[in-house]
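Chemist: Questions regarding the structure given below will be posed in turn.
The values are calculated or read from the model by the stated rules, or taken from the named source; none is laboratory data. All values derive from a computational prediction rather than experimental measurement. FYI the Cβ positions are ideal-geometry reconstructions off the backbone, even for glycines, and counts take in every protein chain you see. Just so you know, the surface numbers come from the protein's heavy atoms only, side chains and all, with ligands and any DNA or RNA stripped out. Shrake-Rupley method; radii C 1.70, N 1.55, O 1.52, S 1.80 Å.
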Amino acid sequence: MIERPTAGERAIIVQLDFGCDGVVEQLDEVRLLAASAGASVCAEIYGRRKSPDASLYAGKGKVQEVAAEVAAHSANLVIFNHELSPGQERNLERTLQCRVIGRTSLILDIFAQRAQSSEGKLQVELAQLDHLATRLVRGWTHLERQKGGIGLRGPGETQLETDRRLLGKRVKLLKERLIRLERQQGVQRKARGRGEVLNVSIVGYTNAGKSTLFNALTHAGAYTADQLFATLDTTSRKLWLGDAGNIVISDTVGFIRDLPHELIAAFHATLEATSRADLLLHVVDSASPTCDEQIAEVDRVLVEIGASDVPQLTVLNKLDLTGLPPAVERDEYDRITRVRVSAKGGDGLSLLREALTEIALEKLRFIRPVLTGDASLNPDIVLDPVSTFL
């Protein structure tokens, strides 16, 4: 595993405005990301530009302002809430004389802290190594000369090339291990899919209250906290719904704006379970001023992982902060579209259970004739009964 920065570092946050909406919310989010990583934020630098500077991203004047804050607060880390190129990171570090990281590196570090299962750790390490591959030169600039001299003559390979070769071997090994795990999970999911059990995955923007809702429904005791990516490893539990019997409900990793592609690729096995679910409970922080943007971001990631066609039931969470009453909303065809709840306070959870029961019973109505081999009992059977219901 790549060595992570020590928790409690003194950090300066840099947020630039390129004319897009939601800059204030982006700054709020990066504050929470920094806190989730264990950094102590000493100062925040804000600026406006038409486009990023090719060399320093923020421009010389703004970088000088950052350098003054670094010196004033004895900071040892600068966090840009943007995606920096390897060259920009190196140039900024030379100028500021401290470590500089972008948004992707920050999110990867949080994932490294949160991973608990062996699979999660493998996935995080793979994502870190993929990200590190383009930045490897940073650690070996003093060893880029060709090997030579007494006792050093040999394969004619620079230290940088050697390290890249070793990194490539490690990446290959990790991918092979994850493929084996993915196959094992695929067999388990296939076995579950042959039954009548409704498989539900909880998805949503990070810190929307997914794990709190999961615990409230299943009493699983999953870790919850007011921080980003409190949940990383997928947890599944059975939920008894009376006449509908048991369903399987899974708590999954949260999504976020500009989720690093390295993470999406590395967490393919975990995220694939979402695409194979019968139903997605899309948990939304209804008290957030950017809830619409968060919904759009989750939907974007679902498209990227191949889960856009899975039926969704929107759960508007955190009613304790909005003051709205719990309710079930339906469309003109009497299909359930949204349920308003407070996972923390418990308001509306009975309505959500009733909605899940209704959906699970509808699945049973379509599936049982197929399982018994008598499709004539239900001439209206379709390939996706849950989506027709929703």
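Chemist: Pairs only if they're at least six apart or on different chains, beta carbon under 6 angstrom, first in segment 119-134 and under 16 Å from GLU83 (Cα atoms), second open to solvent by 20 Å² or more (accessible area, probe 1.4 Å); list them, first residue then second.
Modeler: ALA127/GLU262; GLN128/ILE2; ASP130/GLU262; HIS131/GLU262; THR134/PRO86
Chemist: Filter segment 126-138 down to the residues that are modelled with pLDDT under 75, in a helix (DSSP H, G or I) and open to solvent by 50 Å² or more (accessible area, probe 1.4 Å) and list them by number.
Modeler: Within segment 126-138, ARG138 is the sole residue that qualifies.
Chemist: Do the conditions hold for GLU9, that is, is it on the phi < 0 side of the Ramachandran plot, at pLDDT below 90 and over 23 Å from the mean Cα position of the chain (by Cα)? Spell out how you get there, then give the answer.
Modeler: Values: on the phi < 0 side of the Ramachandran plot: yes; at pLDDT below 90: yes; over 23 Å from the mean Cα position of the chain (by Cα): yes.
The answer is yes for GLU9.
Chemist: Do we have any residue at all in segment 146-160 that's at pLDDT 80 or above, open to solvent by less than 20 Å² (accessible area, probe 1.4 Å), on the phi < 0 side of the Ramachandran plot and of a type in the set (Val, Ile, Thr)? Steps first, please.
Modeler: If we filter segment 146-160 for residues that are at pLDDT 80 or above, which is where we start, we get none.
The answer is no, given that none of the residues of segment 146-160 is at pLDDT 80 or above, open to solvent by less than 20 Å² (accessible area, probe 1.4 Å), on the phi < 0 side of the Ramachandran plot and of a type in the set (Val, Ile, Thr).
Chemist: When you scan segment 242-361 for helices (runs of 4 or more DSSP H) that lie fully inside it, which ones turn up with 1 or more residues that are crowded, with 21+ Cβ neighbours inside 10 Å, at pLDDT below 90 and among the hydrophobic types (A, V, I, L, M, F, W, C)? Break it down into steps so the answer makes sense when it comes.
Modeler: Details: elements: 261-266, 268-275, 291-304, 319-322.
Helices (runs of 4 or more DSSP H) meeting the threshold: 261-266, 268-275, 291-304.
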